[in-house]
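Working notes, structure below.
The values are calculated or read from the model by the stated rules, or taken from the named source; none is laboratory data. If you're wondering where the values come from, they're calculated on a predicted model, not measured in any experiment. Counting neighbours? That spans all protein chains shown, and the Cβs are built from the backbone with ideal geometry, glycine included. Remember, those area values only see protein heavy atoms, side chains included, never the ligands or the DNA or RNA. Shrake-Rupley method; radii C 1.70, N 1.55, O 1.52, S 1.80 Å.
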Amino acid sequence: MKLLSIENNLGLYLGETGQYKPVDKITKEDLLRLVNLTLREDVEFDVYDENAIKNQAHQIVYKSVFEKLRGLKDRKKEFVDESERLYLKEYERYREDSSKKKV
């Protein structure tokens with residue numbers, strides 16, 4: 001699934017409806033959805049190329065979003081492993097607390 005695309009000299013992101021939208025219109029809800037998709041799905045992005053994007057606002061936003069999502073994708077396993085460790089730690093603490101209450 002391609003989350004970021006460069007077409008017709010514009011930076012685009014995959015909208016909620018499956019259509020690409022200009023990156024300068026992205027909302028924080030859209031960003032959160034893209035982050036969640038990056039963590040849960042196999043995703044790809046068009047590599048940032050300032051020569052391929054003519055609009056300066058699109059260049060700035062696309063580059064920033066691209067770098068963050070690519071970094072998250074690159075560290076996905078590390079992030080998921082850390083989340084699972086935290087969950088396991090909390091689960092074990094809960095289990096200990098509930099066993100103490102039964103005694």
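Here are some notes:
- Separation in nanometres of the label points that stand 7 Å from Cα toward Cβ, at VAL47 and TYR94: 4.4 nm
- Only helical runs count toward this figure. For the chain, summing -39,500 (n - 2.57) over DSSP H runs of n ≥ 4 and dividing by all residues gives -19500 deg cm²/dmol at 222 nm.
- Solvent-accessible area assigned to carbon and sulfur over the range 1-98 amounts to 49 percent, based on a 1.4 Å probe.
- Straight-line reach from LYS68: taking Cα to Cα under 20 Å and skipping same-chain neighbours fewer than 8 places apart, the lysines in range are LYS2, LYS21, LYS25, LYS28, LYS76, LYS77.
- Relative frequency of Cα-Cα separations exceeding 21 Å in the chain, percent: 45 percent
- Between the Cα long axis of helix 76-102 and the first principal axis of the chain there is an angle of about 20°, rounded to the nearest 10.
- Relative to the longest principal axis of the Cα atoms of the chain, helix 28-40 runs at roughly 70 degrees.
- Within-12-Å neighbourhood charge of LEU4 [Cβ basis; K, R +1; D, E -1]: 0
- For the chain, accessible area per residue (1.4 Å probe, heavy atoms of protein chains only), Å²: 75 Å²
- For the chain, the longest principal axis of the Cα atoms and the long axis of helix 56-74 meet at an angle of about 30 degrees.
- Rounded to the nearest 20 debye, the dipole magnitude of the chain is 520 debye, with +1 charges on Lys and Arg beta carbons, -1 on Asp and Glu beta carbons, and the Cα centre as origin.
- Taking GluC sites (Glu not before Pro) as exposed when their DSSP state is a loop state and no more than 14 other Cβ atoms lie within 10 Å, the longest site-free interval of the chain runs over 51-103.
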